[in-house]
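Following: one structure in structure tokens, then a few remarks.
The values are calculated or read from the model by the stated rules, or taken from the named source; none is laboratory data. Since the model is a prediction, treat every value here as computed from it, not as a measurement. Every residue, glycine as well, gets a Cβ built from its backbone with ideal geometry; the counts of neighbours run over all protein chains shown.
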Amino acid sequence: MRLPDLDLDLLRGFVTVAERGGFTAAGQALGLTQSAVSLKVKRLEEVLGKPVLLRQPRGVALTREGETLLAYARRMLALNEEAVRRFVAPPVEGRLRLGVADHFVPRHLTPALARFARTWPELRVEVEVGRSHELRARLAREELDLVLGKRRDGETEGRVLWTEAVVWVAAPGWAPPEGRPLPLAMLPQGCMFRDRALAALARAGVGFEVVYTSPSLLGVAAAAQAGFALTVMGRAGLPEGLVECPGLPALGTAEMCLFGDAEGRSPLVAPLIEELRNA
């Protein structure tokens, strides 16, 4: 039996509905009517023989099959865009100086940059990893072209790429010492996560002591992985050997943003953002 081919246009409609949370918002993003987007999803479901979305009064929800399809669809659309850009887009040469907050390293960054480099082989990408506020200072001095980093509370500068929860983490089985302040491993002063964590503990009346400070997130993670201290990280960048610790003051969310080209004028910004989001 010959299996049917999946239409990328139908997959794009499905992904947009899933990401936007409904047919109306997806239609606005795609420049189509709500009924046209709904028809695309219906045709996709007919090809697959399974429902991928549950229509609800306040939007849509993915079925189990829809969750599986969404991962495949994103990969197929990304690969399609990579191939089309490789052959159709005008050649891009030069140098792109990219600053990336170490919050995003190492698990996510290198695969995304590898795919980006394959799409733009004539472009020289130079990456500098560091702390968000230091990288942004270098951007202001025109020492970097783009920066991917965190935006502090109340700021409006930068283009939001995604939002993630900020969580307390420690080694599996770690427990706070009885009768002693919480031992913390933190980045140096000026780190948004550090400021937010210490302020939350102070408001809750929880005693704490910063017992380990490192300029590198990997150093802070190593201290926590060893069971030496508790620390704070973004949930999306949680490395192996660390788990969330319940029962501590909530730390809210953090916005990961692109600084340096908020309007997306550079032809490199859109594909770079897509790679980072996929990662």
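Quick check on region 118-130. Is at least one of its residues part of a helix (DSSP H, G or I) and out of contact with any Asp or Glu (no Cβ under 8 Å at 6 or more places or on another chain)?
Looking for residues that are part of a helix (DSSP H, G or I) and out of contact with any Asp or Glu (no Cβ under 8 Å at 6 or more places or on another chain), one finds none in region 118-130, hence no.
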*Kindly check whether there is at least one residue in region 16-32 that is free of Cβ contacts under 8 Å to residues at least 40 places away in the same chain, within 30 Å of Arg124 (Cβ to Cβ), among the small types (Gly, Ala, Ser) and surrounded by fewer than 15 Cβ atoms within 10 Å (Cβ to Cβ).*
no
*Odd one out for Ala171, checked against (1) free of Cβ contacts under 8 Å to residues at least 60 places away in the same chain; (2) assigned by TED's automatic domain parsing to the domain that holds Pro215*: (1)
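Given the residues Asp261, Asp195, which is the only one that is touching a strand residue (DSSP E or B) at 6+ places or on another chain (Cβ under 7 Å), of a type in the set (Asp, Glu) and under 27 Å from Leu98 (Cα atoms)?
On the way: Asp195 fails: touching a strand residue (DSSP E or B) at 6+ places or on another chain (Cβ under 7 Å).
The unique qualifying residue is Asp261.
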*From the set of residues in region 85-108 that are surrounded by 12 or more Cβ atoms within 10 Å (Cβ to Cβ) and modelled with pLDDT of 75 or more, which is farthest from Arg151 (Cα to Cα)?*
Leu96
*Name the single residue, out of those in region 211-263 being surrounded by 16 or more Cβ atoms within 10 Å (Cβ to Cβ) and among the polar types (S, T, N, Q), that is nearest to the chain's Cα centre (by Cα).*
Thr231
_Name the single residue that is surrounded by the fewest Cβ atoms within 10 Å (Cβ to Cβ) among those in region 55-68 being closer than 20 Å to Ala25 by Cα and at pLDDT 90 or above._
Glu67
*Hey, does region 121-130 have a residue that's closer than 24 Å to Gly252 by Cβ and either of a type outside the set (Val, Ile, Thr) or surrounded by 21 or more Cβ atoms within 10 Å (Cβ to Cβ) (or both)?*
yes
*Does Leu44 satisfy the condition of being in contact with a Lys or Arg (Cβ under 7 Å, 6 or more places away or on another chain), free of Cβ contacts under 8 Å to residues at least 60 places away in the same chain, closer than 23 Å to Ala78 by Cβ and of a type outside the set (D, E, K, R)?*
no
*Of the residues Pro239, Pro271, Pro267, Pro246, which single one is at pLDDT below 85 and within 15 Å of Trp168 (Cα to Cα)?*
Pro239
*Scan region 155-168 residue by residue and report those that are free of Cβ contacts under 8 Å to residues at least 24 places away in the same chain and surrounded by 11 or more Cβ atoms within 10 Å (Cβ to Cβ).*
Glu155
*Just checking, which of Arg159, Arg124 is at pLDDT below 90 and out of contact with any Lys or Arg (no Cβ under 7 Å at 6 or more places or on another chain)?*
Arg159
